[in-house]
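First comes the structure, then the notes that go with it.
Read the figures in this text as sums done on the coordinates, not as results from a lab. Predicted model, so just to flag it, every value in this text is computed and none were measured. Here the Cβ positions follow ideal geometry from the backbone for every residue, glycine too, while neighbour counts run over all protein chains shown.
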Ligand code: HSE
């Protein structure tokens with residue numbers, strides 16, 4: 001007797017959707033029965049594509065009684081949020097790659113799915129092709145995870161890598177990345193750190209088993225990183241990366257953020273280049289592990305989406321309560337620490353007048369703000385009789401550092417504060 005095929009409805013047939021369509025063709029037990037697209041007339045780069053599956057009304061997918069699993073690949077909140085809820089109401093399990101929806105509406109959709117005894121899987125939403133959600137939920141479940149440091153956005157990692165390798169400016173590399181199709185025409189979501197913030201919000205929620213509110217996640221993008229900072233960081237033994245991090249302290253406060261960071265050249269993240277993503281986890285009893293791989297792209301992302309579909313498909317019809325370990329199992333919200341209360345090391349680049357006592361003035365301002373210096377470098381005096389001075393501090397309070405920046409801005413010795421970038425603290 002032939003086994004019943006599992007019926008899939010796809011919403012979205014862009015880059016990822018096409019990869020999912022092509023990959024699912026290899027599985028005899030799975031059948032795509034409906035695909036919702038924005039533009040029915042768009043030419044598709046898919047061999048033997050069955051045009052009859054296409055609709056421009058996604059509600060035809062989420063309400064179709066034949067469909068077992070709805071796969072949402074359009075991103076954003078509206079209409080994805082309502083489509084997913086409608087699909088659940090209509091008895092579908094969900095596979096999604098929608099990181100924004102998970103970060104902003106996770107609590108609501110997971111509660112709704114649980115009330116309706118449906119599962120939502122989302123391996124593709126975080127770090128594309130890297131398996132990270134399933135490992136945290138299952139094989140790493142015995143761990144207390146205390147720290148994540150990750151590179152979760154390929155576009156910004158590509159830009160920073162190119163700036164580092166070519167000595168090119170942020171704007172020049174962004175333009176080149178847009179021409180090559182690596183960066184969007186409106187790059188805000190990537191370069192201002194929103195994309196990475198969505199992803200670390202969900203990762204931290206899973207890792208700490210407490211909900212993280214996106215509005216409490218500190219976010220800073222890469223647009224202010226200068227070629228000169230790259231050079232100075234290199235001279236001091238660092239690379240600059242957009243790091244998404246999450247830490248849980250011993251008092252139960254979570255510190256979740258995204259910002260550029262100087263990472264030691266000896267660290268794993270320093271060697272994650274171009275569009276590659278990586279997630280480093282520290283926990284007990286595992287210790288320290290890093291998973292790295294392609295964070296985006298047609299087939300790497302399809303690998304995660306198809307994996308999720310097959311995981312659900314394998315259980316359909318065999319149990320009344322699918323995949324208990326993959327469900328949302330936390331209700332409590334995490335207490336969060338504000339960025340101004342965090343301890344960090346800093347890289348600071350100042351332009352100063354070429355006067356006697358300037359270095360002393362910098363040291364005094366830092367001392368008055370409770371900041372101890374690890375190093376201070378002035379290489380030469382520039383033609384305009386100013387000097388660029390690079391400071392690395394020891395670990396200090398963010399609020400104290402912000403006070404120091406204001407004092408530098410008021411100092412008669414300092415022309416400008418060029419950059420302030422946090423430095424990875426390995427302790
Ligand atoms: N825009 C993302 C990136 C990929 O550049 O990594 C999709 O999450």
Completion exercise
Fewest to most Cβ atoms within 10 Å: 284, 93, 330 sort as 284, 330, 93
Problem - With Cα atoms, 0 to 90° folded angle of helix 154-166 axis to the chain main axis - result: 40
Completion exercise
Using alpha carbon centers only, segment 361-417 is separated from segment 32-67 by a whole-angstrom value of 59
Completion exercise
Computed over the chain: longest principal axis from alpha-carbon atoms vs helix 358-368 long axis, angle to nearest 10 degrees, is 60
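Relative contact order of the chain: what whole-number percent is it, with Cα pairs under 8 angstrom and at least 6 residues apart?
16
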Practice task
Could you tell me the distance between the Cα centroids of segment 4-30 and segment 175-195, to the nearest Å?
Solution key: 28
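Can you tell me the relative contact order of segment 218-354? Whole percent, Cα pairs under 8 Å, sequence separation 6 or more. Don't jump to the answer; show the numbers that get you there.
On the way: 133 pairs, mean separation 28.2, N = 137.
Taking the mean separation of contacting Cα pairs over the length of segment 218-354, I get 21 percent.
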Handout entry: Computed over segment 4-131: relative contact order in percent, which uses C-alpha pairs under 8 Å that are six or more apart
Key = 22
Practice task
Please identify which residues in segment 161-190 have an amide N closer than 19 Å to a label point set 7 Å out from the Cα of residue 231, following the Cα→Cβ vector.
Solution key: 161-174
Handout entry: Antiparallel bridges, percent of DSSP beta bridges restricted to the chain (to nearest 5)
Key = 70
Exercise for the section: Specify the angular offset, from 0 to 90 degrees and rounded to the nearest 10, of the alpha carbon long axis of helix 398-410 from the longest principal axis of the alpha carbons in the chain. Expected result: 50
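Diagonalise the Cα gyration tensor of segment 61-120 and give the resulting equivalent ellipsoid semi-axes, square root of 5 times each eigenvalue, largest first, whole Å. Present the calculation step by step, with values, prior to reporting the outcome.
On the way: eigenvalues 56, 34, 15 Å².
Listed largest to smallest, the semi-axes of segment 61-120 are 17, 13, 9 Å.
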Exercise for the section: Just rank 259, 333, 288, fewest to most, by other beta-carbon atoms within 10 angstrom. Expected result: 288, 333, 259
Fill in the blank from the handout: By Cβ neighbour count within 10 Å, fewest first, 321, 59 rank 321, 59
Fill in the blank from the handout: Taking N as the residue count of segment 154-249, its alpha carbon Rg divided by 2.2 N^0.38 Å gives 1.19
